[in-house]
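*Asks:* Once you've had a glance at the structure underneath, I'll fire off some questions.
The values are calculated or read from the model by the stated rules, or taken from the named source; none is laboratory data. In this text the structure is predicted, and so the values were computed from the model without any measurement. In this analysis, Cβ positions are derived from the backbone assuming ideal geometry, glycine residues included, and neighbour counts consider all displayed protein chains. Accessible surface is based on the protein model in full, side chains and every heavy atom, while ligands, DNA and RNA are left aside. Shrake-Rupley method; radii C 1.70, N 1.55, O 1.52, S 1.80 Å.
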Amino acid sequence: MQSDLSKFTLRTDKELLKKFRFVAEYNARSANREIEVLMKKHVNEFEKKHGKITFE
């Protein structure tokens, strides 16, 4: 496993998680990978609207 990966705990409704895993499997992804894809899309949309996010 890469050492630059961060861990994140998410608390959510059981039914929502079950449905989310169904969608992830439909997309041939793990739930973790599905979240990562959605996060990247969300950040990209934000940056298109508000400009590139940078950290010093």
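*Asks:* Direction-averaged shadow area of the convex hull around the Cα atoms of the chain, nm²?
*Replies:* Approximately 5.8 nm², given one-decimal rounding.
*Asks:* Something else now. Multiplying the sequence separation of Lys14 and Asn27 by 0.36 nm and subtracting their Cα-Cα distance, what value in nm do you get?
*Replies:* 2.7 nm
*Asks:* Using per-residue counts of other Cβ atoms within 10 Å, averaged over each peptide, order 32-42, 12-22 from highest down.
*Replies:* 32-42, 12-22
*Asks:* Between the helical axis of 14-26 and the dominant principal axis of the chain, each derived from Cα atoms, what acute angle in degrees is found, rounded to the nearest 10?
*Replies:* For 14-26 against the chain, the angle is about 80 degrees.
*Asks:* Hey, can you find the accessible area per residue of region 6-51 for me, probe 1.4 Å, expressed in square angstrom?
*Replies:* Heavy-atom SASA per residue in region 6-51 reads 101 Å².
*Asks:* When the accessible area of the chain is computed with all protein chains present and a 1.4 Å probe, what percentage of it is carbon and sulfur?
*Replies:* Whole-percent figure for carbon plus sulfur exposure: 55.
*Asks:* Can you tell me the 0 to 90 degree angle between the C-alpha axis of helix 31-50 and the longest principal axis of the chain, rounded to 10?
*Replies:* Tilt of helix 31-50: around 30 degrees.
*Asks:* At 1.4 Å probe size, put Ser3, Ser30 in order of accessible surface, largest to smallest.
*Replies:* Ranked list, largest accessible area first: Ser3, Ser30.
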